[in-house]
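The values are calculated or read from the model by the stated rules, or taken from the named source; none is laboratory data. None of these values were measured; they are calculated from a predicted model. When we count neighbours, we look across all protein chains shown, and the Cβ atoms used for this are built from the backbone with ideal geometry, even at glycine. For accessibility, only protein heavy atoms count, side chains too; no ligands or nucleic acids. Shrake-Rupley method; radii C 1.70, N 1.55, O 1.52, S 1.80 Å.
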Amino acid sequence: MKFSEYPYQRPDIDALKAKIDALTEDFINAIDVVTACEVVDKYFKTIDEVDSMMQLVLIRHSIDTKDAFYTEEQSFVDEALPLLQSSSVKFTNALLASPFKKELEIILGDLIFKKAELSKKTFSDEVI
């Protein structure tokens, strides 16, 4: 498939925030490390989907900055990203506070936790 053929669809930010918030609750309520890992997997699949759309906008807008559609979509992404980041930070904060953190570090590696610590330190809802 050629790059130009990749379909773009504007992400529904409210639906994504609701999904991430629900996954956060599912993670907090996980009864064991297996369930927690399943929720983490769902979270990253959700983030990957929206990230793909946002990357398409970024690239297509940078290819032709006079394209009105992608200029508008870039503005949308610029405003939407902090809103999604707010929900994502809540998820990663739950990850850091998990009673299964040690087991999760073994299974998932420690990079996810290092990134979570950084996002906790660098993002605040007050900035939005």
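For this structure, a couple of remarks:
- Student exercise, the chain dipole from Lys, Arg, Asp, Glu Cβ charges, in Debye to nearest 20: 300
- Residue-level accessible surface for Asp14, protein heavy atoms, 1.4 Å, Å²: 120
- Estimated 222 nm signal from helices in the chain, with DSSP H stretches of n ≥ 4 weighted -39500 (n - 2.57), rounded to 500: -25500 deg cm²/dmol
- Annotation for Leu96 and Asp51: the two label points, set 7 Å from Cα along the Cα-Cβ direction, are 1.9 nm apart.
- Per-peptide average of other Cβ atoms within 10 Å, ordering 54-67, 91-104 highest first: 91-104, 54-67
- 18 Å Cα-Cα threshold exceeded, pairs from Lys19/Lys90; Lys90/Lys115; Lys45/Lys114: Lys45/Lys114
- Mean accessible surface per residue for the chain, computed with a 1.4 Å probe while every protein chain stays in place, in Å²: 64
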